[in-house]
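Okay, so here's the structure we're looking at.
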Amino acid sequence: MLLSACQQWRLPPEAGWVALDGGHFQLLDNWPGAPQQLVQQLHWQDGQRQHQFLLTALLQPDGYLLVALSPLGHELWRLQYSHGHQLRVSGIPPFDQPEFARRLLAEMQLALLEPSLIAGRLQQLSLRQQDSLRQLVRRDGSVLLSIKQAGQLLPGSQIELSSAGYQLQITTLLQELL
């Protein structure tokens, strides 16, 4: 128990660490690529529940701004993550909960960032990349998260994330370089 407490102390959320099923990932508090805005359609399925919404993502050197809209254009939730690992969230549950928002941002970064930027930010987990399939792997070799078409942001491209608890399909509708 003492070891677990020490590990939690060493890897605090305030420093960008996100717990991922026995391992950790440290979030980047800036976008390392070209500044851009994306409009994406998300289809999320968790057991019997399904959700569809539009996501506008502003990716800049000073951080991330994600805004989710209902199919009718109403704002559902908002996530802002900036330098110093500053997180601001608002909207509907569970997206308004900081722990959930950090997990969402971690999975987004795992899907979009270059593997070389991810590998050094993992604790007790590893990244495996084969062609267009990226997998986040536990220490025992089992797959925690699978990502098909990782890093694909061009309009019409589709990224699929799947784990034991859910499936998420992301289709990029618009990409504008800033």
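Go through the stretch 82-101 and give me each residue that's closer than 22 Å to L153 by Cα and either surrounded by 16 or more Cβ atoms within 10 Å (Cβ to Cβ) or under 14 Å from the mean Cα position of the chain (by Cα) (or both). Don't jump to the end; show me each part of the working.
So the first thing to find is which residues in the stretch 82-101 are closer than 22 Å to L153 by Cα, and the list is 82, 101.
Correct list: A101 only.
Quick check on L145: is it crowded, with 16+ Cβ neighbours inside 10 Å and either in contact with a Ser or Thr (Cβ under 7 Å, 6 or more places away or on another chain) or assigned to a strand (DSSP E or B) (or both)? Taking the combined requirement at face value, the residue satisfies it. Restricting attention to the stretch 151-178, the residues being open to solvent by less than 30 Å² (accessible area, probe 1.4 Å) and under 22 Å from F100 (Cβ atoms) number 4.
Identify, please: which residue in the stretch 130-142 is without any contact (Cβ under 8 Å) to a residue 12 or more places away in the chain and assigned to a loop (DSSP other than H, G, I, E, B) and is, among those, most open to solvent (accessible area, probe 1.4 Å)? Steps first, answer last, please.
Of the residues in the stretch 130-142, the ones without any contact (Cβ under 8 Å) to a residue 12 or more places away in the chain are 130-131, 140-142.
Then keep just the ones that are assigned to a loop (DSSP other than H, G, I, E, B); that gives 131, 140-142.
Numbers: D131: 149, D140: 121, G141: 43, S142: 41 Å².
Applying the filter and picking the extreme gives D131.
Among the residues of the stretch 32-46, those identified as touching a strand residue (DSSP E or B) at 6+ places or on another chain (Cβ under 6 Å) and either under 28 Å from G141 (Cα atoms) or open to solvent by 20 Å² or more (accessible area, probe 1.4 Å) (or both) are A34, P35, Q37, V39, Q41, H43, W44, Q45.
Being surrounded by 15 or more Cβ atoms within 10 Å (Cβ to Cβ) and polar (S, T, N, Q) is the filter here; which residues of the stretch 62-76 pass it? Working first, answer last.
Of the residues in the stretch 62-76, the ones surrounded by 15 or more Cβ atoms within 10 Å (Cβ to Cβ) are 63-69, 76.
None; the set is empty.
I'd like to check something: does the stretch 47-61 contain any residue that is open to solvent by 50 Å² or more (accessible area, probe 1.4 Å) and small (G, A, S)? Looking through the stretch 47-61, at least one residue is open to solvent by 50 Å² or more (accessible area, probe 1.4 Å) and small (G, A, S).
Set side by side, the residues L127, L104, L79 differ, and just one is closer than 16 Å to L42 by Cα, hydrophobic (A, V, I, L, M, F, W, C) and open to solvent by 20 Å² or more (accessible area, probe 1.4 Å), which is L104.
The values are calculated or read from the model by the stated rules, or taken from the named source; none is laboratory data. Since this is a predicted model, take the numbers as computed values, not measurements. Backbone-built Cβ (ideal geometry, glycine too); neighbour counts: all protein chains shown. For accessibility, only protein heavy atoms count, side chains too; no ligands or nucleic acids. Shrake-Rupley method; radii C 1.70, N 1.55, O 1.52, S 1.80 Å.
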